[in-house]
Amino acid sequence: GICPVREELYAQCFDELIRQVTINCAERGLLLLRVRDEIRMTIAAYQTLYESSIAFGMRKALQAEQGKADMEARIKQLEAEKKDLERQVQELKAKAEAIEKREGERRALEEKKHAEEVQFLKRTNAQLKKELEAYLQPTKK
């Protein structure tokens with residue numbers, strides 16, 4: 001029981017009942033003795049089970065507390081890694097945008113040069129064509 005004083009009083013009362021019943025009928029007395037011993041063993045088993053479950057609970061609580069601290073440290077580490085990776089992503093995006101802009105400008109410059117060269121070659125071709133036609137035309141006399 002929960003209260004040791006009550007437990008002791010009930011035990012003494014039960015022992016006295018067993019003594020009185022044994023005087024009247026020995027078989028009933030022996031049976032009550034067996035019942036008393038069985039109850040005491042059951043209570044002792046429950047007491048042991050209770051104590052071991054308390055110890056088990058404490059161990060598990062300590063393990064959970066330790067695991068919680070480990071997980072919190074891991075979370076901080078992963079958050080730091082995440083921030084670092086996000087920073088790298090931003091740097092790479094900025095670098096990619098700069099490269100795209102530079103390449104766009106270079107391409108525009110190349111296209112402009114190419115267009116100017118094509119125009120120059122067309123003018124040169126037209127001029128040479130006129131000169132050739134002028135040479136090939138029979139001179140009028």
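Numbers below:
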{"item": "Residue match in the range 73-85 (condition: surrounded by 10 or more Cβ atoms within 10 Å (Cβ to Cβ) and not in a helix (DSSP H, G or I))", "result": "no"}
{"item": "Test: residue in the range 97-113 that is surrounded by 10 or more Cβ atoms within 10 Å (Cβ to Cβ) and outside any helix (DSSP H, G or I)", "result": "no"}
{"item": "Which listed residue, of Ile39, Ile18, is surrounded by 12 or more Cβ atoms within 10 Å (Cβ to Cβ), in contact with a Leu (Cβ under 6 Å, 6 or more places away or on another chain) and assigned to a helix (DSSP H, G or I)", "result": "Ile18"}
{"item": "Matching residues in the range 58-105 - criterion: being among the polar types (S, T, N, Q) and at pLDDT 95 or above", "result": "Gln77, Gln88, Gln90"}
{"item": "Test result for Ala45, out of contact with any Cys (no Cβ under 7 Å at 6 or more places or on another chain), at pLDDT 95 or above and assigned to a helix (DSSP H, G or I)", "result": "yes"}
{"item": "Check on Glu133, exposed (fewer than 10 other Cβ atoms within 10 Å of the Cβ), among the charged types (D, E, K, R) and more than 42 Å from the chain's Cα centre (by Cα)", "result": "yes"}
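The values are calculated or read from the model by the stated rules, or taken from the named source; none is laboratory data. Computed from a predicted model, the values in this text were never measured in an experiment. Because the Cβ atoms are built from the backbone with ideal geometry, glycine has one as well, and the counts that use them run over all protein chains shown.
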